[in-house]
Amino acid sequence: MTNPVYEKLMNCYASVKDRLPFRPKAALILGSGLGDYADQTEVEGVIDYHDIEGFPVSTVAGHKGRFVFAHINGVPVVMMQGRVHYYEGYPMTDVVLPVRLMKLMGAEILFLTNAAGGVNHDYAAGDFMLIRDQIACFVPSPLIGQNLDELGPRFADMSQIYDNKLCDVIRTAARELDIRIQEGVYVQLTGPAYETPQEVRMCRILGGDAVGMSTACEAVAANHMGMRVCGISCITNLACGMTDTPLSHEEVQETSDRVAPLFKKLVSESIGRMGIL
Ligand code: HPA
């Protein structure tokens, strides 16, 4: 008996595999604010999520839904323009299906980006944070259920989800570009509401530096499959209770738009340097 999660993944793969313009080395997930990055590359191919049978399609306004294929500084990359979030109501296995699919396309590296709230008092809106580790245990693990032995082991090691060498590459790229980058721990909560002040304090007590509603589950699924993972958060705001003003999606959007040019430079430079790894 085949597993329905695996079957769905293989059906999706069957429906894309003859349409791939090349074999990607890296997969890049574009978080809010970075979405139009893909449009600025020399696009070599596009696959709309709607054209992949059974593929989860994002319901968030402003999130496009497609894979974009392009060489970035010489490196073949598949980008996700739009991701699905757990808060949209999809099961976790659907949320991480795109990551698994990009691995099947050939991607060895997963580069995660997101917008996040700063929990660390030393952070400011507009900062970037290199993700060094994560707390994913407030959301269901995407690995729950029958293990997909074809993808990875039942009890996957998570001692170094974020690859040290890739972190080094991002650090070097930031230094070369003279971009300040913080380093810290990303906490994934379910959303879709922003946190309460006490939840933000909880994140800080637990060792979190940034909080968001994506990414960590994707990193777990990728690590399970043996991908090398790295990620950068764009700190779009200080988390709830750290300033006097209430949080709004507009504020998040505004900051990510403001720093998007720098973010894009950092991502491009980093990916170029990952080509030789
Ligand atoms: N909390 C959760 N997710 C977010 C935030 C936040 O403060 N900012 C951007 N994404």
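Reducing region 135-150 and region 168-185 to their Cα centroids gives an inter-centroid distance of 30 Å.
For the chain, which semi-axes, largest first and in whole Å, follow from the square roots of 5 times the eigenvalues of its Cα gyration tensor? All intermediate terms of the calculation are to be shown ahead of the outcome.
Working: eigenvalues 148, 95, 64 Å².
They are 27, 22, 18 Å, listed largest first.
Element breakdown for region 69-150 at a 1.4 angstrom probe: carbon and sulfur atoms account for 48% of the accessible area. Here region 67-222 yields Rg over Rh of 0.95, to two decimals, using C-alpha coordinates and the Kirkwood radius. Would you look at the GNM of the chain, springs on alpha carbons closer than 10 Å, and say which of Ala124, Ala239, Ala38 moves the most? The residue with the greatest mean-square fluctuation here is Ala124.
Note on Ile276 and Ala124: their simple-model spin labels are 3.4 nm apart, each label 7 Å out from Cα toward Cβ. Taking 24 Å as the straight-line reach from the Cα of Lys17, the lysines in range (excluding those fewer than 8 positions away in the same chain) are Lys8, Lys25, Lys64, Lys103.
When both bridge partners sit in the chain, DSSP labels roughly 35% of those beta bridges antiparallel. Take the chain with all the other protein chains still there, run a 1.4 Å probe, and you get 43 Å² of accessible area per residue. Cα centroids of region 205-277 and region 69-118: 13 Å apart.
Considering only protein heavy atoms and a 1.4 Å probe, what is the carbon-and-sulfur percentage of the accessible area of region 7-48? Walk me through the numbers before you get to the answer.
Details: 860 of 1970 Å².
So the carbon and sulfur contribution to the accessible surface is 44 percent.
For the chain, what is the mean residue ellipticity at 222 nm derived from helices alone (per DSSP H run of n ≥ 4: -39500 (n - 2.57); sum divided by total residues; nearest 500 deg cm²/dmol)?
Working: 7 runs with 84 residues, N = 277.
Rounded to the nearest 500, the figure is -9500 deg cm²/dmol.
The mean sequence separation of alpha-carbon pairs under 8 Å and at least six residues apart, normalised by the residue count of the chain, gives a relative contact order of 25 percent. Solvent-free Debye calculation, one equal scatterer per alpha-carbon of region 175-219: log10 I(q)/I(0) at 0.15, 0.20, 0.22 Å⁻¹ equals -0.46, -0.70, -0.79. With a cut-off of 14 Å on the backbone N, the residues of region 250-277 near the modelled label site 7 Å out from Ile179 along Cα-Cβ are 256-274. Here the 3J(HN,Hα) profile of region 260-269, calculated from phi with Karplus coefficients 6.51, -1.76 and 1.60 at θ = phi - 60°, is 3, x, 5, 4, 4, 4, 5, 5, 4, 4 Hz, Gly and Pro shown as x.
Sorted into 10 angstrom bins from 0, the C-alpha pair distances of region 1-143 split as 10, 40, 36, 13, 2, 0 percent.
The values are calculated or read from the model by the stated rules, or taken from the named source; none is laboratory data. Bear in mind that the values here come from a model prediction, so they are computed numbers and not experimental data. Quick reminder, even Gly has a Cβ in these numbers, built from the backbone with ideal geometry, and neighbours come from all protein chains shown. Ligands, DNA and RNA are stripped out before the accessible areas are found, and what is left, the full protein with its side chains, is counted by its heavy atoms. Shrake-Rupley method; radii C 1.70, N 1.55, O 1.52, S 1.80 Å.
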